[in-house]
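The values are calculated or read from the model by the stated rules, or taken from the named source; none is laboratory data. Please read all numbers here as calculations on a predicted model, not as lab measurements. All Cβ positions, even for glycine, are placed from backbone atoms using ideal geometry, and neighbour counts span all protein chains on display. For the accessible areas, the whole protein counts, side chains as well, though only heavy atoms, and no ligand, DNA or RNA atoms are used. Shrake-Rupley method; radii C 1.70, N 1.55, O 1.52, S 1.80 Å.
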Amino acid sequence: MTLGPGTRTFLVFAALVVLGALVFPSSFFYRVGTLVWINTLAVTGMVVLLGYVGLVSLGHAGFFAIGAYATALLPQYGVPSGLAMLAGAAGAALLAALIGRPILKLSGYYLAIATLGLGMLIWMVLSKEAWLTGGPDGMTVTGFSARNLLKSVGITLKTAEAWYWLCGAVATLGAVLAVNLGQSSAGRAFRAIHDSDVAAASLGVDVARAKSAAFVISAVYAAVAGALLALANGYITPDAGGFMHSVELVTMAVLGGAASVYGALVGALILTALPQVLTVFAEYEHMVLGAIMVGTMIAMRRGLVPALAGLLARRRAARRAGRLARRVS
């Protein structure tokens, strides 16, 4: 029986979540694993925008911060954390829909600069409006516990473990939805736009509407990831919406392979976990990390996952050709 792409993605991601839980020796590793899954979810949204449609956003951390701060602020006014998360996602989607239409008329570095400006505006509001957001010092986040949620269904885990399982499950769901989207008619329209706006329009694709839809979807992914980070940390600062965080998200997507949800996972894993390993290099940590990234992109320009997949495909083709040659001889 042949499994569909969505089913395969679910099985792979679920297996990796379980594998991590089996091998992690301490709460620190569960904490890092939680961050990997949160970043994977955010980067999966970048896969929809950058990988499927070919649009670069340097302000996506702004949507991440909207989800995070909505989850932090609304419970102070009596809104349950679950509804606050949904409100943050809806707010990010609304902003993306309103701003997306005029911004997405641009292309190339003009689009990148426009999205950068949007992200910086969000960051400035979060940093300057201290009466609401706590300013540069940030604010605490309360009202939700993954441990209590799992305990309510009969599963008792430590706090770090509970957040790991919850974030892994949400990231898995997000990956499956992105893969199914890519296989749908909307996904095919996205890929047509990626190849050529003009050719896609000639085939009847509403290019402006499709671009706006991809922008909204990626913003929702980022907002949900931001909400999970705020709840898991119990604290949030404006740095979550800063320029460097936007660059990190784009880098994760490109490093792993922008058109693949597996690339999103690999990129998030490398840029989240590798710095923890490189602490042994002390003050040279960032230099070593940068050298690894530069070397990887020079050797594998399409990203790690597509490059490795292409290598395996070529080896299989070579083996088949060798077997055929032996039969002929």
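The test for being under 18 Å from residue 50 (Cβ atoms), open to solvent by less than 80 Å² (accessible area, probe 1.4 Å) and touching a His at 6+ places or on another chain (Cβ under 9 Å) holds for residue 219. List every residue pair whose Cβ atoms lie under 9 Å apart, where the two residues are 6 or more positions apart in sequence or sit on different chains, the first residue falls within the stretch 242-270 and is under 16 Å from residue 294 (Cβ atoms), and the second residue, located anywhere, is small (Gly, Ala, Ser) and open to solvent by 10 Å² or more (accessible area, probe 1.4 Å). Note: pairs meeting the criteria are 250/258; 267/258. Can you tell me which residues in the stretch 88-106 are outside any helix (DSSP H, G or I) and in contact (Cβ under 8 Å) with a residue 24 or more places away in the chain? Answer for the stretch 88-106, where residues must be outside any helix (DSSP H, G or I) and in contact (Cβ under 8 Å) with a residue 24 or more places away in the chain: 104, 105. From the residues in the stretch 34-60 that are assigned to a helix (DSSP H, G or I) and either of a type in the set (Ser, Thr, Tyr) or over 15 Å from the mean Cα position of the chain (by Cα) (or both), which one is surrounded by the most Cβ atoms within 10 Å (Cβ to Cβ)? Per the criteria, the residue is 40. In the stretch 134-155, the residues that are open to solvent by less than 70 Å² (accessible area, probe 1.4 Å) form Cβ pairs under 7 Å with partners that are modelled with pLDDT of 85 or more and of a type in the set (Val, Ile, Thr), at six or more places apart or across chains, as follows: 138/236; 138/237; 139/133; 139/236; 141/71; 141/236.
Does residue 64 satisfy being in contact (Cβ under 8 Å) with a residue 12 or more places away in the chain and open to solvent by less than 10 Å² (accessible area, probe 1.4 Å)? It is true that residue 64 is in contact (Cβ under 8 Å) with a residue 12 or more places away in the chain and open to solvent by less than 10 Å² (accessible area, probe 1.4 Å).
If we scan the stretch 269-276, do we find a residue that is open to solvent by less than 10 Å² (accessible area, probe 1.4 Å) and small (Gly, Ala, Ser)? Within the stretch 269-276, not a single residue is open to solvent by less than 10 Å² (accessible area, probe 1.4 Å) and small (Gly, Ala, Ser). As a summary of the residue check, residue 30 satisfies the conditions (1) in contact with a Lys or Arg (Cβ under 9 Å, 6 or more places away or on another chain); (2) farther than 27 Å from residue 118 by Cα; (3) part of a loop (DSSP other than H, G, I, E, B) except for the one numbered (3).
Give me the pairs, please: first residue somewhere in the stretch 10-33 and open to solvent by less than 50 Å² (accessible area, probe 1.4 Å), second residue anywhere and outside any helix (DSSP H, G or I), beta-carbon distance under 7 Å, and either six or more positions apart or on two chains. Cβ pairs passing all conditions: 30/24; 33/24.
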